[in-house]
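Presented below is the structure to which this report refers.
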């Protein structure tokens, strides 16, 4: 923290912080602490698995609240409770209701009569643009089944941090693209010392995404609370461990 321009204190004196400000290390923690106290006062409980998730179960239904920095997502089956929660937040934090969720943390949300679809189309296109593969030829699958990758195979890549950043971004993409989960589990094994063959495997995943950037997950109402998912997996394909 630096003093404001033109403000000079006497030697030996210190500044006393009266209000948390942006850009201070303690401000996010202080804001979230106050937010949590207010939400708990309303009747929500903080999740023990993820402290950014709050929920409430009652006879009227359920309420789920997710907070990320200063963005909040609210959902559930208790419509009246959600309306009361919005008014409560507006009174305590001067929040603004932006309506139905459409875009959050790179995830696009589309609601229709068939259900709720989530995808990361813009996220994929940004990755392709960043890596110069926006005009590349698409691949039909994310991993070549005839190619086996090994830890010390080939030459080291010139910039390992670039490999790690790209793999990290692709890991985030598996939220809506479980079809690349197995391929990602393979390239994730070589973060410490990536080789050219490993880099080519990551590029193949991107070329596969080029053919279907808008694919995602569709959540349909089947009259039950269970979610069933299926994705390709290879539990015995590793030949070196």
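The values are calculated or read from the model by the stated rules, or taken from the named source; none is laboratory data. Quantities reported herein were computed from a predicted structural model and do not represent experimental measurements. Glycine also receives a Cβ, built like all others from the backbone with ideal geometry; neighbour counts cover every protein chain displayed.
Of the residues making up the stretch 55-77, those that are farther than 15 Å from residue 109 by Cβ, under 17 Å from the mean Cα position of the chain (by Cα) and surrounded by 17 or more Cβ atoms within 10 Å (Cβ to Cβ) are 65, 67.
Considering only residues in the stretch 35-54 that are within 23 Å of the chain's Cα centre (by Cα) and surrounded by fewer than 13 Cβ atoms within 10 Å (Cβ to Cβ), the one that is modelled with the highest pLDDT turns out to be 45. Being within 30 Å of residue 75 (Cα to Cα) and in contact with a helix residue (DSSP H, G or I) (Cβ under 9 Å, 6 or more places away or on another chain) holds for only one residue in 191, 218, 170, and it is 170. Every listed requirement among (1) free of Cβ contacts under 8 Å to residues at least 40 places away in the same chain; (2) more than 17 Å from the chain's Cα centre (by Cα) is met by residue 115 save one, (1). Residues of the stretch 61-94 that are part of a loop (DSSP other than H, G, I, E, B) and closer than 13 Å to residue 42 by Cβ: 78 alone. When residue 85 is tested against (1) without any contact (Cβ under 8 Å) to a residue 40 or more places away in the chain; (2) over 19 Å from residue 177 (Cβ atoms), just one condition goes unmet, and that condition is (1). Within the stretch 34-46, residues that are closer than 12 Å to residue 89 by Cβ reach partners that are part of a helix (DSSP H, G or I) with beta carbons closer than 6 Å, at six or more positions or on different chains, in the pairs 38/92; 42/88.
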